[in-house]
1. Which residues, counting only those in segment B:245-273, are of a type in the set (S, T, N, Q) and free of Cβ contacts under 8 Å to residues at least 60 places away in the same chain?
2. Determine, yes or no, whether A:Phe139 is under 13 Å from the mean Cα position of the chain (by Cα) and over 17 Å from A:Val82 (Cα atoms).
3. If you go through segment B:1-58, how many residues are within 14 Å of chain A (Cβ to nearest Cβ), part of a helix (DSSP H, G or I) and β-branched (Val, Ile, Thr)?
4. Considering only segment A:136-147, I want to know if a residue exists there that is more than 27 Å from A:Leu5 (Cα to Cα), crowded, with 23+ Cβ neighbours inside 10 Å and at pLDDT 95 or above.
5. Within segment A:167-185, which residues are out of contact with any strand residue (DSSP E or B) (no Cβ under 8 Å at 6 or more places or on another chain) and without any contact (Cβ under 8 Å) to a residue 40 or more places away in the chain?
6. If B:Ala205 passes every condition in (1) more than 7 Å from every other protein chain (Cβ to nearest Cβ); (2) touching a residue at least 60 places away in the same chain (Cβ under 8 Å) but one, which one does it miss?
7. Just checking, does segment B:99-109 include any residue being part of a helix (DSSP H, G or I), more than 14 Å from every other protein chain (Cβ to nearest Cβ) and modelled with pLDDT of 95 or more?
8. Return the residues of segment B:116-135 that are assigned to a helix (DSSP H, G or I) and surrounded by 19 or more Cβ atoms within 10 Å (Cβ to Cβ); say none if nothing qualifies.
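The values are calculated or read from the model by the stated rules, or taken from the named source; none is laboratory data. The shown structure was predicted, so the numbers you read here are calculated from the model rather than taken from an experiment. All Cβ positions, glycine included, derive from the backbone under ideal geometry; neighbour counts span all protein chains shown.
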There are 2 protein chains.
Amino acid sequence: MPDQLGPPLPQPLFGRVAIIGLGLIGSSLARVARRKGLAKTIVAIDLSDAVRARVAELGIADEVAETPEAGVRDADLVILCVPVGANATVAAVIGPHLKTGAVMSDVGSVKASVIANVTPYLRPDISLVPAHPVAGTEFSGPDAGFATLFVNRWCILTPPDGTDPAATEKVRAFWSAAGSNVEIMSATHHDLVLAITSHVPHLIAFNIVGTAAHLEQVTNSEVIKFSAGGFRDFTRIAASDPTMWRDVFLNNKDAVLDMLGRFNDDLAALRGMVERSDGDGLFDLFTRTRAIRRGIIDIGQETQKADFGRLPAGSDESQ
Amino acid sequence: MPDQLGPPLPQPLFGRVAIIGLGLIGSSLARVARRKGLAKTIVAIDLSDAVRARVAELGIADEVAETPEAGVRDADLVILCVPVGANATVAAVIGPHLKTGAVMSDVGSVKASVIANVTPYLRPDISLVPAHPVAGTEFSGPDAGFATLFVNRWCILTPPDGTDPAATEKVRAFWSAAGSNVEIMSATHHDLVLAITSHVPHLIAFNIVGTAAHLEQVTNSEVIKFSAGGFRDFTRIAASDPTMWRDVFLNNKDAVLDMLGRFNDDLAALRGMVERSDGDGLFDLFTRTRAIRRGIIDIGQETQKADFGRLPAGSDESQ
């Protein structure tokens with residue numbers, strides 16, 4: 001569907017855009033920047049020789065920089081697309097080489113920590129506009145990206161107080177052109193919202209897959225065979241990139257523990273309903289939870305097809 | 001894909017097959033029985049006037065019985081497709097009217113309880129061969145069913161000790177013809193395996209959706225908008241039929257509490273890793289959990305497409 005993204009912009013939003021880290025998100029950004037004409041020049045920066053070679057092969061960037069320092073020189077927008085734990089290290093390396101007045105952004109799933117960790121390395125003339133595109137798949141690397149990843153997904157910007165509004169506006173325009181709905185909030189609120197809509201769900205998914213994998217009474221082969229009963233849904237997000245997710249939990253500890261505490265309190269109550277055979281209580285909860293999915297489908301954040309539409313092709317025409 | 005099911009059998013496995021409860025599973029069974037010629041006559045039984053009328057309209061059964069008693073008379077195979085909490089009530093009604101030597105089966109997600117609850121109503125000449133097709137979607141009712149629902153899914157049979165092997169064999173042949181891989185195990189083991197592969201995953205999904213829905217600091221609108229971060233995956237199974245799931249938890253209490261206890265123990269350990277910033281521990285777990293999904297994809301129980309294949313059509317050709 002080439003029209004999902006619409007035609008290229010009449011003129012680029014930025015001259016040089018440097019993308020640091022060409023994984024799923026970074027490589028998708030490079031692709032959409034090219035497709036929509038968001039930059040005159042797209043520069044790819046990655047510490048991995050293999051990734052740089054692959055990006056050159058794919059041809060998704062105009063230039064592949066030899067070093068981060070060289071790559072950010074003259075860049076009008078620099079976007080960190082590395083695991084959030086690496087932000088400080090990268091900022092320390094590139095900080096001194098940033099162009100005067102450059103805009104710095106990122107795509108991390110945690111926002112307060114990027115501000116805390118990156119700001120010390122930025123001169124006052126650099127504007128930091130942190131961003132978080134709430135989009136992704138369970139795959140990683142430059143081959144996993146695609147230009148429409150951000151279409152109809154939200155991108156949250158968390159500019160710290162005092163950020164140049166013009167810089168925020170340019171980053172907003174960039175994400176809008178990539179197909180996203182842009183929303184601005186404080187980094188603290190972002191981290192709380194994402195703790196419940198993303199981080200704790202991942203923690204729980206990783207956890208139940210771990211539990212199932214080391215039971216004595218049930219073999220892994222049984223877990224795998226009978227996973228269509230519901231378990232397999234959890235394995236998708238539990239297959240996400242380990243480094244990225246390690247860093248998320250290390251960098252959003254307070255909000256994650258807060259939301260996990262609430263989850264645990266509710267689970268204890270639910271466990272109590274099962275223990276005392278409280279059928280009405282169970283029925284009540286199971287009825288209320290349907291409404292939330294309805295809302296997600298209604299605003300186009302989820303398919304309304306049965307089973308995520310993953311049933312064998314042709315199944316629904318098989319009566 | 002009409003060939004997913006292959007051609008009809010050369011001759012029916014059963015004369016009359018009575019299906020009690022024409023929801024997602026019962027109506028799918030009626031459809032596949034018709035498509036594959038598994039029965040000479042398919043009789044639909046349902047206590048709901050609306051469902052009976054709809055089944056007649058859809059034309060997925062040869063006969064729609066006026067009463068359960070009339071429907072099971074002369075049936076060679078009777079399949080209970082009602083929420084497991086209703087099995088005893090239905091068995092009490094139909095028991096006296098079953099044909100001599102009939103085979104009785106079901107499709108419930110819990111197996112020890114169906115044996116305990118139904119057996120008292122069956123004469124010694126009736127063979128009970130409990131079955132559980134590990135297949136489904138989040139939708140309910142006669143319109144939600146389709147003939148290929150069971151293709152390449154496992155169906156677990158749990159015949160009690162002393163069950164006529166010929167009866168078990170006929171039920172096995174029935175499910176094989178419906179496209180399933182059939183496995184036989186004890187009801188107790190089944191209930192334990194499904195507690196971890198299905199029941200606890202549902203409990204956790206219902207729970208986190210419930211938690212997210214009543215937070216004070218995060219609005220429902222925010223939960224819905226930013227659900228693509230992982231949360232929306234959980235809403236699918238949390239949208240499953242409330243009556244069915246209430247009954248599952250009421251009827252598999254011990255195994256569910258056992259597996260939930262293990263989940264909780266592991267979650268406490270994981271929470272500890274987050275609290276003390278144990279990055280290596282987190283990375284380790286997150287790496288191990290990837291293998292299980294690989295196994296599920298390898299045996300064809302899951303799509304290998306990114307994001308369950310639910311990305312906007314055309315996304316992967318959009319570079």
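1. Within segment B:245-273, the first condition is being of a type in the set (S, T, N, Q), and the residues that meet it are B:251-252, B:264.
The one that is of a type in the set (S, T, N, Q) and free of Cβ contacts under 8 Å to residues at least 60 places away in the same chain: B:Asn264.
2. Numbers: under 13 Å from the mean Cα position of the chain (by Cα): yes; over 17 Å from A:Val82 (Cα atoms): no.
When the stated conditions are applied, A:Phe139 does not pass them.
3. Looking only at that region, the number is 3.
4. Applying the first criterion (more than 27 Å from A:Leu5 (Cα to Cα)) to segment A:136-147 yields none.
No, the conditions are met nowhere in segment A:136-147.
5. So in segment A:167-185, the residues out of contact with any strand residue (DSSP E or B) (no Cβ under 8 Å at 6 or more places or on another chain) come out as A:169, A:173, A:177, A:179.
Selection gives A:Glu169 alone.
6. (2)
7. So in segment B:99-109, the residues part of a helix (DSSP H, G or I) come out as none.
Looking for residues that are part of a helix (DSSP H, G or I), more than 14 Å from every other protein chain (Cβ to nearest Cβ) and modelled with pLDDT of 95 or more, one finds none in segment B:99-109, hence no.
8. Residues of segment B:116-135 that are assigned to a helix (DSSP H, G or I), as a first pass: B:116-121.
B:Asn117, B:Val118, B:Tyr121 - these are the residues of segment B:116-135 that are assigned to a helix (DSSP H, G or I) and surrounded by 19 or more Cβ atoms within 10 Å (Cβ to Cβ).
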